[in-house]
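Since the structure comes first, as structure tokens, the remarks are kept for the end.
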Amino acid sequence: MARNEYHYVITLQFQKEGVPGVNANTVTGTVAARRGEDRQALYQRLLKHAMAALEADNAVTLFFDLAPNGL
């Protein structure tokens, strides 16, 4: 495990065009921080990743957690 590896949980709320109602879903995984990347930049990268994974064009973050992956 790399020292810069983190576990993340991000829950988004979003609407899909043509689909009634509001959706919410969670994406989890591990990610390595890039050299010089701070928490905000990593959050923005993970937000884009989660939106793509959920096929959401626009979303609101309901929950976000980022912690070192080691125990």
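Accessible area of the chain with a 1.4 Å probe: how many percent of it is carbon plus sulfur?
Details: 2460 of 5030 Å².
Answer for the chain is 49 percent, counting heavy atoms of protein chains only.
Taking trypsin sites (Lys or Arg not before Pro) across the stretch 1-39, the ones in a DSSP loop with at most 16 further Cβ atoms lying within 10 angstrom of their Cβ are ARG3, LYS16, ARG34, ARG35.
Return one whole number: the accessible area per residue of the chain in Å², for a 1.4 Å probe.
Numbers: 5030 Å² over 71 residues.
I get 71 Å² per residue for the chain.
Against the chain, whose longest principal axis is taken from its Cα atoms, helix 39-53 shows a tilt of about 40°. Placing a label point 7 Å from the Cα of ALA24 along the Cα-to-Cβ direction, the residues of the stretch 35-71 with a backbone N closer than 13 Å are 60-64.
Find, among the GluC sites (Glu not before Pro) in the stretch 3-71, those assigned to loop by DSSP (not H, G, I, E, B) with at most 10 other beta-carbon atoms within 10 angstrom. Intermediate values should be presented prior to the final figure.
Values: sites: GLU5, GLU17, GLU37, GLU55; in loops: GLU17, GLU37, GLU55.
Of the GluC sites (Glu not before Pro), the ones in loops of the stretch 3-71 whose Cβ has at most 10 other Cβ atoms within 10 Å are GLU17, GLU55.
Its DSSP H runs of at least 4 residues, each contributing -39,500 (n - 2.57), put the calculated 222 nm mean residue ellipticity of the chain at -7000 deg cm²/dmol, to the nearest 500. When only the Cβ of Lys, Arg, Asp and Glu is charged (+1, +1, -1, -1), the dipole of the chain relative to its Cα centre reaches about 240 debye.
The values are calculated or read from the model by the stated rules, or taken from the named source; none is laboratory data. If you're wondering where the values come from, they're calculated on a predicted model, not measured in any experiment. Cβ: placed from backbone, ideal geometry, glycine included. Neighbour counts: every protein chain shown. SASA here: full protein model, heavy atoms, side chains in, ligands and nucleic acids out. Shrake-Rupley method; radii C 1.70, N 1.55, O 1.52, S 1.80 Å.
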